[in-house]
Amino acid sequence: MPRPVRWASLAKGTRMKAKALGVVGLLLLSAAWVVVLRGLFLLPVSNSPELDLEAGPAFAINISVYLPALALSLLLLVALPVSVAAGRGAAVGAVAGLAVSVFALWVLTQHALLDYFPGLTAALSLATGLGIVGILAYLAAYALHPREEDADAEGMVALQDS
């Protein structure tokens, strides 16, 4: 006679895997955002005088790139820890990953900034890749996280089988 499946222990193991994937997503998105900020603030500038930003374009880049980067940093300081701490935080993490990836792709369209920072294209490409893999980790965590209604139905089946 086959042993009955213990749904509670199976759900607990799945819950732990979902939590681990959430932590992996958190680490990947944090790394992606660090790469974006490092590229924007710490990369060396071009030595070519014709690529130097003048007052008008520099002001426009400050408003259109650096200000949103700082605002997104504040949002990510809240969203990323919530994505791991909350039971259903995978959706928050996936949205945060989407925001990081879209921002990195959007900065890739700022040609004056890319000319001014020669290594920024590589940094933003890396950040976009890390962000996409982070989104996939959060989506896998969401798919693995047992739902309460599923756990209740599985508990009823286990009770009926015994």
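Every number here is computed from the coordinates shown, using simple stated rules; none is lab data. What you are looking at is a predicted structure, and each value in this text was computed from that prediction instead of being measured. Reconstructed Cβ throughout: ideal geometry from the backbone, glycine too, with neighbour counts over all protein chains shown.
What translational D, rounded to a whole number of µm²/s, comes out for the range 16-130 from Stokes-Einstein when the hydrodynamic radius is the Kirkwood one over Cα pairs, at 20 °C and 1.002 mPa s?
Value of D from the Cα-based Kirkwood radius: 144 µm²/s.
What is the distance, in nm, between label points placed 7 Å from the Cα along the Cα-to-Cβ direction at Val45 and at Val95?
Computed distance between label sites Val45 and Val95 equals 3.7 nm.
So how much slack lies between Ala71 and Val34, counting 0.36 nm per residue of separation and subtracting their Cα-Cα distance, in nm?
Extending this stretch completely gives an extra 11.9 nm.
How would you rank Thr121, Thr128, going from fewest to most other Cβ atoms within 10 Å of each one's own Cβ?
With the sparsest Cβ surroundings first, the list reads Thr121, Thr128.
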